[in-house]
1. Would you mention how many residues in the range 4-16 are surrounded by 12 or more Cβ atoms within 10 Å (Cβ to Cβ) and either assigned to a helix (DSSP H, G or I) or at pLDDT below 95 (or both)?
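The values are calculated or read from the model by the stated rules, or taken from the named source; none is laboratory data. Every value quoted in this text rests on a predicted model; they were computed, and no experiment measured them. Heads up, the Cβs are rebuilt from the backbone with ideal geometry, glycines too, and the neighbour counts pull from every protein chain shown.
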Amino acid sequence: MASRGCKYPADAFCYVCGYFIKTRANKHSLETGFKMCEAYNAYFGMPVGDQDKSWAPHFACENCKRTLEGWYRGEKRAMKFAVPRVWREPTDHSSNCFFCMVDPSKRRTGKKASQIMYPDIPSSMAPVPHSSDRPVPTPPEKEQVSSCESPDSMSVEDNEGEGFNLLADNKNPYYPNQKDMNDLIRDLGLTKSDAELLTSRLMQWNLLDPSVKVTCQRKRHELLSKCRKTTRF
């Protein structure tokens, strides 16, 4: 939908942070930026996705690229957030479309200039800053195979290793249902916000059964809260 009727194109914004990329500024394609994709995967623990969708940005800004790749090389750099901006398909142009709600034309220069407002909406969830629970990750000691590379480009020798055999198992993937998600969230002791974030991410990557709903986590926590109050008496 983002390519049909949006006020601004998706590729005018950075895939990682969501900030508007100035017309004359450098922007870097995620399709060809293999090293940047590797760094993204290593830093945030998730691969670059939705590059086949028109509603997702396909570029990264200069700052995000330099910071991620510098961190990946072992330099003392870190992103300002532990979770990047998460993109999902917009449902309408008025209340759930990042590319219609952000207005880069209001950008002004100077210390007292007003900043562009970047919304936190279901189709574009704002980055989550680092905290004691989400510290800056440690760069990997060895470079790992890029998540952006095709599996066909990986040789058999590259895939050989302890406990790893492409032909060892040919099982179909399992997609957790609502009960599985509830059990996992309970075992991990997640808060309501963390539970909703985890469920949203897994839904975005198509790793859950279609019956799973994010709203179920809100109701589940409300029920747990009521049960705790009842058991006190």
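1. Within the range 4-16, residues that are surrounded by 12 or more Cβ atoms within 10 Å (Cβ to Cβ) and either assigned to a helix (DSSP H, G or I) or at pLDDT below 95 (or both) number 7.
For (1) over 22 Å from residue 100 (Cα atoms); (2) in a loop (DSSP other than H, G, I, E, B); (3) at pLDDT 95 or above, each residue gets a yes or a no:
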position: 18; (1), (2), (3): no, yes, yes
position: 31; (1), (2), (3): yes, yes, no
position: 52; (1), (2), (3): no, yes, no
position: 71; (1), (2), (3): yes, no, yes
position: 76; (1), (2), (3): yes, yes, no
